[in-house]
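Just so it is clear, none of the values below were taken in a lab; they were calculated from the coordinates. Treat the numbers as computed from the prediction; the structure is a model and nothing was measured. All Cβ positions, glycine included, derive from the backbone under ideal geometry; neighbour counts span all protein chains shown.
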Amino acid sequence: MRLLLEIEAFIEAEEDTHEYAEFVNELRHFVFVPEQGWAQGPVKLRGSTRLGLVQLGKLMTHSPARSLSLTPLQIEAIQEALDECEKILDPVTVGQDYGLQHLREVIRHLKQLLEGDDVDFEAVRAASYEAVGLVAIHARDLPTEKRDRLASAVWSVIVPFASGTAAGASGNLISAALSGILQIGA
């Protein structure tokens, strides 16, 4: 998922994004609606899609690094979402669940990363994705209302990093997938 978002961000920064539209749609379909379920064993990309991915990877590797940054409004929105996550993860909720305790630590770390004038985009993005993973794995046992609120809040944390995905129909797929993952074992 993280790599798909990075690919979309890279392509969005290119001038001729329409050339990549079908390719990105194939990748989204592969991630969200594979021909066979992920649990059924290895899922493989079609040969032409795999070749396109290899070529795009080479292009991304050899392109000059872009200076990525968050706008003040994005930082404020992430901070608000993190505040909401902290409210949901009150000490009683976290209890003895070490995964949720770690999530609280990641949230605190994210809040520290967002302080000051020089926000490290890559560090915030990495910690945000870690928070999503922790929610997907460890929030399953929370009461439904808290679980749904937490999924929504953590989704708000990664929206700035998922601009292409979050803007389209696949944003709904990601949100639904996160909610679906959380409901497994509920």
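Label-to-label distance, GLN96 versus ARG46, with points set 7 angstrom from Cα along the beta-carbon direction: 5.2 nm. Extension gain for THR144 to HIS109 (0.36 nm times residue separation, less C-alpha to C-alpha distance): 10.0 nm.
Could you name the lysines in cross-link range of LYS146, using Cα to Cα under 30 Å and dropping any fewer than eight places away on the same chain? Once the sequence-local lysines are set aside, what remains near LYS146 is LYS87, LYS111.
If R0 is taken as 30 Å, the Cβ-Cβ distance between ASP83 and HIS18 corresponds to a FRET efficiency of 0.20.
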